[in-house]
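The values are calculated or read from the model by the stated rules, or taken from the named source; none is laboratory data. Note that the structure is a prediction, hence the values are computed from the model and not measured. Positions of Cβ are generated from backbone atoms using ideal geometry, with glycine treated the same way; all protein chains shown enter the neighbour counts. The accessibility values were calculated without ligands, DNA or RNA, using every heavy atom of the protein model including side chains. Shrake-Rupley method; radii C 1.70, N 1.55, O 1.52, S 1.80 Å.
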Amino acid sequence: MEKPAEALLCDAAIAGDCEKLCELLAKGADASYFDSVGMTPLMYAAAGGHADAVRCLLDSGAPWNALSPSNLCAGDLSMENGHQEAFDVLLNFAIQAELVLGTIARRAAGDVGSNEAYLSERVAFGEDRIMDAESKAVMMGWEKPLMEAHARAICSADGRCGRILNVGFGMGLVDEAIQQYKPMEHTIVEAHPDVYDRMLRAGWGEKENVKIVFGKWQDVLPQLGSFDGIFFDTYGEYYEDMREFHQHLGRLLKPNGIYSYFNGLCGGNPFFHVVYCELVVLELGNLGYSTQFIPLPVKDCLPEDIWKGVKHKYWLMDTYYLPVSQASCSI
Ligand SMILES: C[S@@+](CC[C@H](N)C(=O)[O-])C[C@H]1O[C@@H](n2cnc3c(N)ncnc32)[C@H](O)[C@@H]1O
């Protein structure tokens, strides 16, 4: 008995047989098919490094972001197996797709998302974490070395620590690290009333060089001046919100200033993470900023039991890529 067209599609993808793939697809075989082990033809083509087959399947509507039962997408499989050409084809396609999708989503929504629910609910403060009402972690202590590295990056513009802005106080880890550099002025924007209350009780309101601005960054930006270093790390917001923040960098960041953000975008999947790193590079590039990533190993910060009691594991990779952005002309 002849196999179904989609099973033949998988066979052709495994073999990298583009002629057969084209023939099957032209006859209507479904490029988004998952076989009995949860794999798609695109995943097979990517795992085998068949770049032309990957192209052909993507052009026929194969979903680039479909996940296997082990939570791997075609891009992860090309990456894991060291197939650079197939990886590049997938990466370029994914970036274009997300750019288009973002534009469509913005048009449909009319505005960026909102984290009103998070801001109106209580948060719980633990020794090494802040949790929201749904048992998701707002901030965790394991990020301390990352926050110290972010502080170092944004406090070094022109070799001195001038005016610094941090958006999102959380556990105050990055702010404690920023204080070590004795900034001329240190502005902190925080929107959650419980976090704000806690920072006041911890004495942040009395520090001479610290100015706390309570409110959502979206609402308080007009009150802020311009800065030598800016760090952005909010919670419950989307990529679109950060993208919106970036539109204000031209006014907020001084010409030689340094901008960085918590790079947790798609922290659960290596390929999606690369796609979003590249997307930010591209979008900041269009705004006149050049971005470099400093790789930081984080495996040792994440012992097995770190996620105990946390509903969503927001970071699953061994390396953190710390972004450092500066106006292209100042580099
Ligand atoms: C992940 S935590 C920041 C952690 C911080 N970098 C640290 O070192 O501890 C995010 C913080 O952003 C705040 N936040 C969320 N949305 C915000 C908004 N729109 N404007 C200002 N702050 C916001 C949250 O209440 C939370 O305190």
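One table, with the values for the structure above:
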{"item": "Among (1) over 20 Å from Ile258 (Cα atoms); (2) in contact with a His (Cβ under 8 Å, 6 or more places away or on another chain); (3) away from the ligand (no atom under 12 Å from the Cβ); (4) in contact (Cβ under 8 Å) with a residue 40 or more places away in the chain, the one test that Ala137 misses", "result": "(3)"}
{"item": "Any chance Phe87 is aromatic (Phe, Trp, Tyr), open to solvent by less than 40 Å² (accessible area, probe 1.4 Å) and assigned to a helix (DSSP H, G or I)", "result": "yes"}
{"item": "Among residues of the range 305-329, those that are within 30 Å of Leu253 (Cβ to Cβ) and either within 21 Å of the chain's Cα centre (by Cα) or open to solvent by less than 40 Å² (accessible area, probe 1.4 Å) (or both), counted", "result": "12"}
{"item": "Subset tally (residues that are within 13 Å of the ligand (Cβ to nearest atom), of a type in the set (Gly, Ala, Ser) and free of Cβ contacts under 8 Å to residues at least 60 places away in the same chain) for the range 157-178", "result": "2"}
{"item": "Helices (runs of 4 or more DSSP H) (entirely within the range 1-69) containing at least 1 residues that are open to solvent by 70 Å² or more (accessible area, probe 1.4 Å) and either out of contact with any His (no Cβ under 8 Å at 6 or more places or on another chain) or over 20 Å from Ala97 (Cα atoms) (or both)", "result": "5-15, 18-26, 51-59"}
{"item": "Count - residues of the range 1-49 that are without any contact (Cβ under 8 Å) to a residue 24 or more places away in the chain and acidic (Asp, Glu)", "result": "4"}
{"item": "Subset tally (residues that are in a helix (DSSP H, G or I) and open to solvent by less than 50 Å² (accessible area, probe 1.4 Å)) for the range 216-253", "result": "11"}
